[in-house]
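Here's the structure, in structure tokens; my notes come after.
The values are calculated or read from the model by the stated rules, or taken from the named source; none is laboratory data. The structure presented is a predicted model; accordingly, all values stated were derived computationally and were not measured. Cβ sites come from the backbone with ideal geometry, for glycine too, and all protein chains shown count toward neighbours. Remember, those area values only see protein heavy atoms, side chains included, never the ligands or the DNA or RNA. Shrake-Rupley method; radii C 1.70, N 1.55, O 1.52, S 1.80 Å.
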Amino acid sequence: MNKHATDLRIDAGRFRATFEELAAIGATPKGGVDRPAFSKAHLEARRWLLETAKQAGLETSVDGAGNHSVLLRCGPPGAPILLLGSHLDSVPNAGRYDGALGVIAALEVLQTVRQHGLSLASHLEAIDFTDEEGHYTNFVGSLGLTGQLKAEHIQSPRGGRRRFHQALNRARLSEESLFVAGRSPASIAGYLELHIEQGRRLVEQKVPIGIVTSIVGIRSFMVHFLGRADHAGTTPLNLRRDAAQGASAFILAVRETVLREFPDCVGTVGNVTFEPGVFNVVAETASVSLEFRADGVSKLDAMETRLGQAAADAARRFELDLEIEDLDSSPPARMDENAQASIAQACERLDLEFMLMPSGAGHDAQCLATVCPTGMIFVPSVGGHSHSPREHTEWPDCVNGANVLLQAALSLARL
Ligand code: HGY
Ligand code: MN
Ligand code: MN
């Protein structure tokens, strides 16, 4: 790669200003953002992205899965596209860096390349994927773009189909349009994603850059305990079929089983809903959200078996019926060796120390990895906090990450 290119750096002032403008959309009082997929703030952030890109003289587009793209035609006609991106949607009451940093850094890379008039072997596209956080269903945008979206992915969206369809309508999408977003793998030169680590390894090791080697697999279920509604005042405890008791026993069993049998994995219950959910009625049903993660399919299978048994034990103990609803499953993914090497080369050029590391968080990159060479760059999360307004990454680390993304993209785009 010529000297001019290897010396290229992003415009840190423009990068910061753009990032801060985005962070104001859906901003929350404690310094985070609240932009769940297809919420008013999320749709506003997506409109803002396209507007900002157009003002920068870049092409924009939205596909059938709602993925928002900014394109720089810097390769020869018909050249494949190197995708750089992440997601603008957030979990409720989130931090301002998760996803957003990767999208803004991708936009900044396109602006830098355009400004310096570089010609590459691939075009560059900054992309914001739809519903990475699984507000409705995990990775619907990246599954759509890679042609992996199946009917079962949207069969039981979180919160129900009616709510999902209302959301699609708000975004002028439809179930049908989600399935026409697929691109041919030959048209994609590769995918790079800059993301905050969302854990504490980089800060603890005092290393500015993480090169992701693999991403965990994730499975999620809704576990329904079915009992009997009874009067809270006149029904003795030993005569109850109390769904709340079954759910409570199960929730504790998830933690104990994973700690004891899958110590390098995680299992989480983030939500429980009791029906009818009032003080003076014994809970008739209890619906427990279960999500677990592991770095291999056989471990995920073993966890699914053991946690299923734990649910059955809890139901039996409190004379409840049990229904387990399979919501979605994302397989673990390995990152491309050549993409990792390009990121390492970029770090060397920038004189930045790096460490190879797996990702305990899920990312769109695990969907892209099945169709194209994919790599991820991590920057440190202060205190390891994420998915909360406490999420913070020091700005020099963000600039480092964006420069590594730029240099890795120039290598991968075969300048
Ligand atoms: O849940 C995750 O790991 C990601 O933030 N969607
Ligand atoms: Mn993310
Ligand atoms: Mn997230």
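Dividing the convex hull volume of the alpha carbon atoms of the chain by its residue count, what do you get in Å³ per residue?
137 Å³
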_Integer Hz, Karplus 6.51/-1.76/1.60 couplings in order for segment 85-94, x for Gly and Pro_ = x, 5, 8, 9, 6, 9, 6, x, 6, 8
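Explain nothing, just the number: dipole magnitude of the chain about its Cα centre with +1 on each Lys and Arg Cβ and -1 on each Asp and Glu Cβ, in debye rounded to the nearest 20.
Numbers: 39 positive and 50 negative charges, 99 e Å.
Approximately 480 debye in magnitude.
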*Solvent-accessible area per residue for the chain (1.4 angstrom probe, square angstrom)*: 41 Å²
*asked:* I need the peptides 156-168, 226-238, 38-50 ranked by packing, meaning the mean over residues of other C-beta atoms within 10 angstrom, with the highest value on top.
replied: 38-50, 156-168, 226-238
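Where does segment 79-118 land on the Kirkwood hydrodynamic radius, alpha-carbon pairs, in angstrom? Could you put the intermediate results ahead of the total?
Details: mean 1/r = 0.0873 Å⁻¹.
That comes to 11.4 Å for segment 79-118.
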*Largest-first principal axis extents of the Cα set of segment 213-362 (Å)*: 74, 27, 23
*Which lysines does Lys40 reach when only Cα atoms under 20 Å apart count, and residues fewer than 8 places away in its own chain are ignored?*
Lys30
*Excluding residues fewer than 8 places away in the same chain, name every one of the aspartates and glutamates whose C-alpha is closer than 17 Å to that of Lys206.*
Glu197, Glu348, Asp351, Glu353, Glu394, Asp397
*May I ask for the distance between the Cα centers of segment 27-91 and segment 258-334, given as a whole number of Å?*
34 Å
*asked:* Give me P(r) over segment 316-415, computed from all C-alpha to C-alpha distances, binned every 10 Å, as integer percentages.
replied: 12, 35, 29, 11, 7, 5, 1
*For segment 294-385, what relative contact order do you get, as a whole percent, if you take Cα pairs closer than 8 Å and at least 6 residues apart?*
31 percent
*Convert each backbone phi in segment 173-183 into a coupling constant with the Karplus relation 6.51 cos²θ - 1.76 cosθ + 1.60 (shift: θ = phi - 60°), then list the ³J(HN,Hα) values in order as whole Hz, x for Gly and Pro.*
10, 9, 4, 5, 5, 4, 8, 9, 8, x, 10
*Would you mind telling me the share, in percent, of accessible area of the chain contributed by carbon and sulfur at probe 1.4 angstrom?*
52 percent
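With the alpha-carbon atoms as the only input, what is the per residue convex hull volume for segment 1-157 in Å³?
Each residue corresponds to 113 Å³ of Cα convex hull volume.
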*Can you give the helix-only mean residue ellipticity at 222 nm for the chain, where every DSSP H stretch with n ≥ 4 adds -39500 (n - 2.57) and the sum goes over all residues, rounded to the nearest 500 deg cm²/dmol?*
-11000 deg cm²/dmol
*lysines with Cα under 26 Å of Lys299, excluding same-chain neighbours fewer than 8 positions away*: Lys150
